[in-house]
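A short reminder: the numbers here are calculations on the coordinates, not readings from a lab. Not measured: the values here are computed from a predicted model. Positions of Cβ are backbone-derived with ideal geometry, glycine not excepted, and every protein chain shown enters the neighbour counts.
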Amino acid sequence: MKSAHLARLVALAIAVAPCAAASQVVAGAAADTARKTPPPGAGAISTPNADPFPSTYRARAAKATVIRNVNIFTGAGPLIRGGAILLRDGKVVAVGATVSATADATVIDGGGRYVTPGLIDTHTHLGVYPAPGGPAHSDGNEATAPVTAHVWAEHSVWPQDPQFPRDLMGGVTTVQVLPGSANLIGGRSAILKVVPSTSAQGMKFPGAKYGLKMACGENPKRVYANRGPATRMANVALTRAAWIQAEAYRRKWDAWNANAKGDPPTRDLGLETLAEVLRGNILVQNHCYQADEMMQMIDIAHEFGYKIRSFHHGVEAYKIADKLATEEISGSLWSDWGGFKMESLDAIRANIAIVHAAGARAVLHSDDGLGSQRLNQGAAKALAAGREAGIPLTDEDAIAWITRNPAWTLGLDDRIGTLEPGKNADVVLWSGNPLSVYTRADMVWIDGAVYFDRSDTAQRWRTDFELGYVPDNDGRTR
Amino acid sequence: MRARMQTAALAALLALPAAAQSQVIAITGGTVHPVSGAMIERGTVLIRDEKIADVGANIAIPAGARVIDASGKIVTPGLVNANTQLGLSEGGGPQFSGGYNDTRAKGTRGVAAAFRAWEGFNPASTFITPARQGGVTTVMIAPSGGMIGGQSALLNLGGDRLEDMLVRRTNGGPAVAMSASFSAGAADAASRGELLGRLREVLFDARAYGANRAAFERNATRSFAAPRADLEALQAVVDTSLPLVVEVDRAADIRAVLDLKRRDKLPLRLILLGAAEGWQVAADIAAAKVPVMVGAMSNIPGSFDVLGARQENAALLRAAGIPVVLISNGSDDAQNFNVQNIRYEAGNAVAYGLPWDEALRAITLAPAEAFGVADQIGSLRPGRDANIVIWDGDPFEFATKAETVLIRGVVQTGASRQDELTRRYAPMKGRP
C-alpha cells in the first residue's frame with residue numbers, strides 16, 4: 001500500500017512539474033489516467049511527513065579532528081579523564097582513553113580542559129523574538145486566536161538575530177525555537193542548528209521532527225479573557241475541541257491517502273499539523289506550570305491517543321515526578337525561576353533533581369536569550385540544589401540535563417546529545433569544568449566543523465544586524 | 001523560695017538580647033576576606049553583640065565566647081545586593097496585593113521623589129529567607145520606574161520589623177539614594193531632549209524652592225515644576241547629601257546625564273545604574289568621579305540603547321578606576337525572587353575580566369561606600385555590623401553553600417517556604 005501511495009505521489013509531482021506537457025503520460029500512474037478531473041496539485045494534498053520547506057543546511061567541509069588530553073563528559077557514561085575523541089566526516093568516530101587517528105587529522109591538545117556534546121536548548125524564542133526587540137520583531141505569538149496550529153515558528157525566524165551567535169558561544173549547537181505561550185495551541189516549532197545562514201531553511205536540522213507548542217494555565221486565559229478562553233476550564237474545553245476536529249481530519253485524509261477515491265478532502269494547515277501529532281510524527285511540547293493542570297493535559301493526550309513529549313517550565317513537576325516517569329514525559333525546567341506569577345509560586349530549586357530521581361528525563365531549558373547562553377550554569381545550580389536536598393547526583397547527571405535528555409525531547413537522541421561513535425560531531429571544548437561559574441566555551445564544532453573558536457576573533461560569527469551597530473570585542477563596530 | 005524560683009524562671013523566660021552580659025562569638029580558623037584589607041589565613045573574627053569587635057590573625061578570644069570553627073572555610077562580609085525589589089512584590093503581582101504595585105509610585109508627570117520604596121516592604125515575604133540562606137545580608141530596596149522614582153533604603157535581612165532592618169546613615173535618615181531613570185515613558189516625555197529639559201527644570205526648581213520656603217508657604221513664589229512634597233524630598237539631592245542614581249544605558253545618554261553636573265553646574269552626586277554602554281565612555285565617567293552599578297551577564301543588543309551590551313563591562317569600568325557596584329542584569333531574577341543569585345553575577349564578572357577581590361568588593365564594600373554606610377556594613381572591621389558569612393568554598397561557585405550567616409551578630413536559622421515544599425516532595429529513603 002505504501003509503495004503504491006508513493007508512486008502516486010511521484011506521478012503527481014511529475015504531472016504538475018513546470019514545463020510538463022498536459023498530455024504527458026506517467027508510468028505507473030494508472031489510477032490517475034482513470035480520473036475524469038485532473039489530480040490535485042501537491043499543495044492541495046495533506047500528506048504525512050510532507051516537507052514543503054526542506055532544510056538546505058549543508059555541513060561545512062572539515063578535516064578529521066582529534067581532540068586529546070581532555071576530560072570528556074560523553075553524556076552516556078562516566079567522565080573519561082585524560083581521554084581523546086576522533087571526529088571524521090561529521091561524525092564521532094571514536095571516544096575513549098586514546099583514539100587512533102590518520103596523519104591528516106587536525107590535532108587539538110586540550111591541555112586538560114573539558115569536552116561535552118554540543119548543548120541543546122529545548123525552549124527558545126531566538127529569531128522569533130529577536131534582538132533588538134520591538135513590535136516589528138515580535139513574531140513569536142500569533143495572538144489573534146487561541147488555537148493557531150497552522151503557523152510554523154520557522155516562518156518567523158530571523159536568521160540575523162544576534163542571539164544566535166551568542167548561543168553558539170555558550171556551547172549550544174541545537175535549539176528548538178517555539179511559538180510563545182499566548183495560545184492553547186501555538187503552532188509548529190523549528191529545530192535549528194545554531195549556524196549562520198541567510199535563511200531559516202539553512203539552519204533547519206535535516207530530518208528532525210517538528211514540535212507542536214501547546215500551553216495551559218494563566219497565559220492563554222489572560223490573553224483571551226474577553227473572547228475566551230477566560231478560565232482554565234475553557235482552556236481544556238477549547239483544546240479538546242481542536243483535537244476532535246483533528247481526529248475527523250485525520251480519518252478523512254488517511255482514508256483518501258490510502259484509496260484516492262473521489263475528490264480529496266479540503267486541506268487545512270492547522271488540522272494537518274494536529275493530524276501529524278495524532279500520527280506520532282510531531283512531538284508535543286506543552287507549556288504548563290501547575291501539577292494539577294499537567295495531570296489534565298495528560299488525560300487529554302490519552303483521550304485522543306497522542307503522547308506529550310515534554311512539559312515545559314513545569315514549575316510543579318516535582319509534585320508529579322512519578323507520573324512523568326511512567327508516562328515517559330520529560331520535564332523542560334528551570335533551575336530557579338519562580339515567584340513571578342501565581343502559577344510559579346511553588347517553584348523549588350530541587351525541581352530538576354526530584355524529577356530526575358523519580359526516573360523521568362529532566363531537562364534544563366532557558367526560555368531566555370541570556371539563560372540559553374548559560375545552560376551549563378543552570379545545570380550546575382540544579383545539581384547543587386538537588387544535592388542540598390539530599391538527592392544523590394553525579395556531575396554526569398547534570399550534563400545529561402543539557403545534552404542527552406534534551407536530545408530525546410526533540411526526537412534526536414539517535415543523532416545528537418551524546419559523544420558516541422556514529423553520533424553527529426557536535427562538540428564543545430570548555431575552558432574548564434562546565435559546571436564552574438568561571439568556565440566558558442573555547443571551541444564549538446557542529447557536524448565536525450569548527451563554528452566557534454574563542455582565540456580566533458577574526459572569524460567570529462557576527463550577524464548582518466551587528467555590522468555597524470554592535471561593537472566587537474575590540475570596541476569597533478566593523 | 002517558690003516565689004523566688006518563679007521570679008527567676010520568669011526572668012529566664014523573658015531574657016532579652018539587651019541583657020547586661022555581652023554576647024561574644026569568635027569565628028576562628030577560616031580564610032578571612034575583610035575586603036577593606038588583605039586576606040587573612042586562619043584568621044579570627046570577634047563579634048560582640050551586634051558589632052564586629054576585632055579581626056586578625058592572632059586575636060585573644062575572651063573566656064565564655066561561643067566559638068564557631070571555620071577551619072577550611074571562607075569568611076566574608078555579608079553580601080549586599082544593591083538593586084532589588086525584594087519584599088515589594090510577592091508572586092502574582094498587584095492582583096494578589098490588593099491592587100498595589102509596591103515597586104513604584106504613580107507620581108506626578110514622572111516625579112515621585114517623596115515616595116519611599118521601603119514603606120511597602122513586607123518582612124514576611126517568602127523570598128527573604130532564601131536570600132539570607134544564600135549569604136545576602138543586606139539589600140537595597142529601590143523603586144522601579146519614574147523619571148524621579150523615589151527614595152531607596154538599605155535593609156539588613158535579619159529580624160522581622162522594618163524599623164530594626166533599616167540601615168540608617170549616620171547623621172542621616174533611612175534614605176540612601178534617590179532613583180531616577182532615563183528610559184522612555186519614565187517622565188511623560190516624548191523625547192530624550194524633553195526628558196532632560198524636564199529633569200533640569202525639576203532640579204533647578206528644587207533649589208529655588210529650598211531657597212524660598214517661607215515665601216512658598218505664603219503663596220508668594222511662582223509655581224514650581226513638581227509638588228511640594230517632592231521638592232522637599234529633592235533637597236537632599238540638590239545639597240548632595242543623597243546620591244541621584246540614574247538608570248541610563250546608551251553612551252550618548254550617559255554623557256548627557258554627566259553633563260547635568262558638568263555643563264549645567266547642577267550640584268549633584270551621581271551614580272549610574274545599568275550603564276550598558278558605560279565601557280564606551282569610561283574616560284568621561286572616570287573624570288566625573290561617578291560610581292556605576294552594572295551587571296555582568298547581559299550581552300544582547302536588546303534595544304538600540306544597549307547595542308554595546310557586553311559582559312566585560314564591569315571589568316572595563318573598574319580598570320578605568322571607576323567604583324563598581326555589581327548588580328544583576330541577568331535573567332535569573334536576582335532583583336526579586338532570587339536575590340541570592342548576586343554571587344553568581346560576581347562569578348560571571350570574574351569570568352569576564354574582573355579580578356576576584358574586586359568582584360567581592362563590588363558586592364560588599366563598594367555599595368556600602370557608594371551609599372554612605374561603609375561605617376556600618378560591607379567589610380569585616382571593628383565597629384561594623386556583624387554581618388558575616390561562612391562559606392564551604394568559593395562564594396561565587398554554584399557548588400558552594402553559605403553554611404553560617406550572621407546578621408548583626410545573630411546566627412540566622414529557619415526554613416524557607418521552598419524548604420518546606422522540598423521536604424514534602426523530595427524522595428526520602430523508605431517513603432513510598
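Considering all alpha-carbon pairs of the protein assembly as shown, what whole percent are spaced by more than 41 angstrom? Taking all Cα-Cα pairs of the protein assembly as shown, the fraction more than 41 Å apart is 43 percent. For chain A, the alpha-carbon coordinates run over 72, 56, 46 Å along the three principal axes, in decreasing order. Exposure here means at most 15 other Cβ atoms within 10 Å; with chymotrypsin sites (Phe, Trp or Tyr not before Pro) in a DSSP loop as sites, the longest stretch of chain B lacking them is B:101-303. Going toward the positive end of the dipole of the stretch B:278-349, with +1 on Lys and Arg Cβ and -1 on Asp and Glu Cβ, which of B:307, B:320, B:335 do you reach last? Selected residue: B:320. With the helix formula -39500 (n - 2.57) applied to DSSP H stretches of n ≥ 4, chain B reaches a computed 222 nm mean residue ellipticity of -7000 deg cm²/dmol. Distance between the 7 Å Cα→Cβ label points at residue A:244 and residue B:239: 7.3 nm. For the stretch B:138-252, list log₁₀ I(q)/I(0) at each q in 0.12, 0.16, 0.21, 0.23 Å⁻¹, using the Debye formula over Cα point scatterers of equal strength and ignoring solvent, two decimals each. Rounded to two decimals, the profile gives -0.51, -0.83, -1.15, -1.25. Considering chain B at the alpha-carbon level, its Rg and Dmax are found to be 23.2, 82 Å. The alpha-carbon positions of the stretch B:190-348 define a convex hull whose volume is 131 Å³ per residue. Among the trypsin sites (Lys or Arg not before Pro) in the stretch B:247-285, those located in a DSSP loop and surrounded by at most 10 other Cβ atoms within 10 Å of their own Cβ are B:263, B:265. Across peptide B:290-302, the mean count of Cβ atoms from other chains lying within 10 Å of each residue's own Cβ comes to 4.
Span-like helix check, chain B: qualifying full DSSP H segments, with Cα axial length of 20 Å or more and mean Kyte-Doolittle of -1.0 or more, are B:192-211.
Each Lys and Arg Cβ is given +1 and each Asp and Glu Cβ -1; about its Cα centre, the protein assembly as shown then shows a dipole of about 440 debye.
List the trypsin sites (Lys or Arg not before Pro) within the stretch A:249-350 that fall in a DSSP loop (any state other than H, G, I, E or B) and whose Cβ has at most 15 other Cβ atoms within 10 Å. Those that pass, being in a loop and sparsely packed, are A:261, A:267, A:279, A:307. Dipole orientation for chain B: of the candidates B:251, B:53, B:237, B:53 has the Cα lying most toward the positive pole (charges on Cβ; Lys, Arg +1; Asp, Glu -1).
Ratio of Rg to Rh for the stretch A:146-283: 1.05 [Cα atoms; Kirkwood radius as inverse mean 1/r over pairs]. The stretch A:168-241 and the stretch A:389-468 have Cα centres separated by 23 Å. Approximating the spin labels as points 7 Å out from Cα along Cα→Cβ, the residue A:420-to-residue B:54 distance works out to 6.3 nm. Rounded to the nearest 20 debye, the dipole size of the stretch A:140-291 about its Cα centre is 280 debye, using +1 on the Cβ of Lys and Arg and -1 on the Cβ of Asp and Glu. Positive end of the dipole of the stretch A:62-150 (Cβ unit charges, origin at the Cα centre): among A:78, A:132, A:119, the Cα lying farthest that way belongs to A:78. Label positions at residue B:259 and residue B:392, each projected 7 Å from the Cα along the C-beta direction, are separated by 5.5 nm.
The relative contact order of the stretch B:309-361, computed from alpha carbon pairs under 8 Å that lie at least 6 residues apart in sequence, is 41 percent.
Convex hull volume of the C-alpha atoms in the stretch B:273-432, normalised per residue: 145 Å³. From the largest down, the stretch A:341-478 spans 50, 42, 27 angstrom on the principal axes of its Cα atoms. The magnitude of the dipole of the stretch A:235-382, with charges of +1 and -1 set on the Cβ of Lys/Arg and Asp/Glu and taken from the Cα centre, is near 320 debye. Looking at this model, which pairs from B:51/B:401; B:261/B:289; B:51/B:73; A:209/A:423; A:213/A:307 are more than 19 angstrom apart at the alpha-carbon? Long pairs (Cα-Cα over 19 Å): B:51/B:401; B:51/B:73. Rounded, prolate or oblate: pick one for the stretch A:306-361, where a ≥ b ≥ c are the square roots of the eigenvalues of its C-alpha gyration tensor, a/c under 1.5 means rounded, and failing that, prolate if a/b is larger than b/c, else oblate. Judged from the Cα gyration tensor, the stretch A:306-361 comes out prolate (a/c at least 1.5, a/b above b/c).
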